[in-house]
Amino acid sequence: MTAVQLPELPRRARVRRIRQILCLLPLLLVTVVAVEHRSVLAEGFGHLRNARWPWLVVAVGATCLTWVAAALTRQGAVVEALPKRRLVATQFAAGAANHLLPTGLGASAVNLRFMTVCGLPLARSSAALALYLLAESIGRVGLLAALLIAFPDALRLGTLVPGGAVGPLLLAVVAVLVVAAGVLACVRRLRTAVVSFLRTALGEARSVHTRPARALALWGGSLAFPALQATGLAAVGQALGLPVPPAHMALAYLAATVAVALVPVPGGIGSVEAALIVALVAAGGPVAVATAVVLAYRIITVWLPLLPGALTLGALVRLKVI
């Protein structure tokens, strides 16, 4: 009696159908988000019509370079050489995913999948992702600290951070750390997993820093990324005539983005705009002009790349790059 092997075509058809759905899902999410924020889009494009175009070109150029800086940092977080063009395309697609899913999850998922497809084990891919996030955070906070030292009077911190909010914020941070430590102490399986991950991450960090080219890419990219974002905002401010020095606008951007880093909103939509307006007003800008600058800046950095980014994301899924 001969065993009959069932054909695998139905399974392949299901996988193909799932990939087709994943290709169309980013476009559906873009449509939903655009409809939800249509009033913001209309107002932002209205402000762009009255702007000085050379400065807008600078803002667009700085925005495009942020994807290159992100790719550079991603490459610096792993020892193996990643395919350059696919890496940059993945950062462009990850930017769209980041604006459609809660804080950082979209970009992290896209890059984690990209690294595993490139042959990196999941543990090392996760360690590289953690190293990237750590370097980017250190670069952003370090750049903010340097600008605060250079321009100590650039922001009126009393309006940016209410005095009564500092104490509760510190208590919340301490409470989170205490709860996390308690959970790790009580749950042995979780503690073992965390310790294993930390060993992998430390080993990956040591390997990267034994190669000067990788270390330079990691830390150079992590500084260039927030610097280019801040440059984009300063350029839009110049285009719309915001009466705030460019360095102070850059400082306001870094302060605002650090402040909203833990807010679980897709791409920071809503929270980033509010924080940027408050920061620019704290830097001395009029409320009306600051609002126009923020809306125009978010059009350039979020809404214009969103559709092509979603199309790129769908294409990368279809081509099995991610």
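The values are calculated or read from the model by the stated rules, or taken from the named source; none is laboratory data. These figures come from a predicted structure and were not determined experimentally. Here the Cβ is made from the backbone with ideal geometry for all residues, glycine too, and neighbour counts use every protein chain on show. Protein only, heavy atoms only, side chains kept; ligands, DNA and RNA dropped before computing areas. Shrake-Rupley method; radii C 1.70, N 1.55, O 1.52, S 1.80 Å.
At-a-glance table
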{"item": "When residues of the stretch 75-91 are limited to those that are of a type outside the set (A, V, I, L, M), within 20 Å of LEU131 (Cα to Cα) and open to solvent by 20 Å² or more (accessible area, probe 1.4 Å), the one farthest from the chain's Cα centre (by Cα)", "result": "GLU80"}
{"item": "Criterion violated by GLN75 - all others in (1) over 16 Å from MET115 (Cβ atoms); (2) of a type outside the set (Lys, Arg); (3) part of a helix (DSSP H, G or I) satisfied", "result": "(1)"}
{"item": "Some residue of the stretch 85-100 being farther than 24 Å from CYS64 by Cβ and touching a residue at least 40 places away in the same chain (Cβ under 8 Å)", "result": "no"}
{"item": "All positions within the stretch 110-130 that are part of a loop (DSSP other than H, G, I, E, B) and open to solvent by less than 20 Å² (accessible area, probe 1.4 Å)", "result": "LEU120"}
{"item": "Set THR210, THR231, THR200: member being free of Cβ contacts under 8 Å to residues at least 40 places away in the same chain and among the polar types (S, T, N, Q)", "result": "THR210"}
{"item": "Which numbered condition ALA59 fails, given (1) modelled with pLDDT of 90 or more; (2) open to solvent by 20 Å² or more (accessible area, probe 1.4 Å); (3) in a helix (DSSP H, G or I)", "result": "(2)"}
{"item": "Those residues of the stretch 272-302 which are out of contact with any Ser or Thr (no Cβ under 9 Å at 6 or more places or on another chain), part of a helix (DSSP H, G or I), over 20 Å from ALA62 (Cβ atoms) and among the small types (Gly, Ala, Ser), in sequence order", "result": "ALA274, ALA288"}
{"item": "The stretch 67-82 residues that are without any contact (Cβ under 8 Å) to a residue 24 or more places away in the chain and under 13 Å from PHE225 (Cα atoms), paired with ones that are open to solvent by 30 Å² or more (accessible area, probe 1.4 Å) and part of a loop (DSSP other than H, G, I, E, B) (beta carbon under 6 Å, 6 or more apart)", "result": "none"}
{"item": "When residues of the stretch 131-165 are limited to those that are of a type in the set (A, V, I, L, M), open to solvent by 70 Å² or more (accessible area, probe 1.4 Å) and assigned to a helix (DSSP H, G or I), the one modelled with the lowest pLDDT", "result": "LEU157"}
{"item": "Flag if ARG211 is modelled with pLDDT of 85 or more, among the basic types (Lys, Arg) and closer than 20 Å to VAL272 by Cα", "result": "no"}
{"item": "Unmet requirement for ALA274, which otherwise passes all of (1) modelled with pLDDT of 85 or more; (2) surrounded by fewer than 21 Cβ atoms within 10 Å (Cβ to Cβ); (3) of a type outside the set (Ser, Thr, Tyr)", "result": "(1)"}
{"item": "Looking only at the stretch 95-109, and only at residues there that are among the aliphatic types (A, V, I, L, M) and open to solvent by less than 20 Å² (accessible area, probe 1.4 Å), the one that is modelled with the highest pLDDT", "result": "ALA107"}
